[in-house]
1. Per DSSP H run of n ≥ 4, the term is -39500 (n - 2.57); total these for the chain, divide by its residue number, and report the mean residue ellipticity at 222 nm rounded to 500 deg cm²/dmol.
2. If you place +1 on the Cβ of every Lys and Arg and -1 on the Cβ of every Asp and Glu, how big does the dipole about the Cα centre of segment 20-93 come out, in debye to the nearest 20?
3. With percent of Cα pairs over 24 Å apart as the read-out, I listed (1) 54; (2) 39; (3) 45; which label goes with the value calculated from this structure?
4. Toward the positive end of the charge dipole of the chain, about the Cα centre and with charges on Cβ (Lys, Arg +1; Asp, Glu -1), which of 59, 179, 21 goes farthest?
5. Roughly to the nearest percent, how much of the accessible area of segment 81-132 is carbon and sulfur, given a 1.4 Å probe?
6. In percent, how large is the relative contact order of segment 133-175, given Cα pairs closer than 8 Å and 6 or more residues apart?
7. Starting from 0.36 nm per residue, how many nanometres of slack lie between residue 44 and residue 23 once their C-alpha separation is accounted for?
8. Taking only protein heavy atoms and a 1.4 Å probe, what accessible area per residue, in Å², does segment 52-129 have with all protein chains in place?
Amino acid sequence: MPSEKLIFAQSVEALFVRALGPHLTREGRQRLKAVGLDLSESLRPHYTVEQWRGFLRVAAQDAYPALPPHEALFELGARYLQGFRQTSVGRASMALVTHLGPRRTLERVPYNVRAGNNFNEVRVEESTQDSATLWMKDVTADNPYFAAGFLAETLRCAGAGQVRVEPIAFDGTAATFRLTWARGAARAPVAVVGSRG
């Protein structure tokens, strides 16, 4: 097992190709290239966590220039999951999530997080029908809000409403989050009634 913390290409693909690709400015793409991510070339098999943090800083400023850094990272975390859902691994994983509901979906988060890197650990420390406390070994960002956005979007995909994810402890690397949500109906496919246009 490598001692270096590595982010796998599928994570970079999810955020920077699938979710943000068409929305990045030309300047943003140039700044990403300057910190080690050239989106005009094939992705490398992995990137260091330090590179990933640099990529997030650039993307937050490029995609959300008017937002404070923590809000921009929260939005990027949500976008990451949206991009992940478009990957082959993500499609299979998220298809299951829609049937599990929020509480059982959180039990799967450790597996989903580990699929994107070689070092992270996640533990659900306590959970009820509409809340949980979750610990993450490495938030892979400068603050815990990227992970908070990812967790909030995960719960929304599982049918939760009024989702709130708050970091309650952060030591610069690991964080503990308090998650609360309203019980909602799982998202079902929308039925179209009437003739097609």
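The values are calculated or read from the model by the stated rules, or taken from the named source; none is laboratory data. On a predicted model such as this, the values are computed, not experimentally measured, just so you know. Methodologically, a virtual Cβ is constructed for each residue, glycine included, from the backbone with ideal geometry; neighbour enumeration extends over all protein chains shown. With ligands, DNA and RNA removed, areas are computed over all heavy atoms of the protein, side chains included. Shrake-Rupley method; radii C 1.70, N 1.55, O 1.52, S 1.80 Å.
1. Calculated at 222 nm, the ellipticity per residue is -13000 deg cm²/dmol.
2. Details: 10 positive and 7 negative charges, 33 e Å.
Charge dipole of segment 20-93: 160 debye, to the nearest 20.
3. (2)
4. Positive-end residue among those listed: 21.
5. Values: 1200 of 2600 Å².
The C+S portion of the solvent-accessible surface of segment 81-132 is 46 percent.
6. Reported relative contact order: 55 percent.
7. Taking 0.36 nm per residue and subtracting the Cα distance, the gain is 5.4 nm.
8. On the way: 3730 Å² over 78 residues.
Value returned for segment 52-129: 48 Å² of accessible area per residue.
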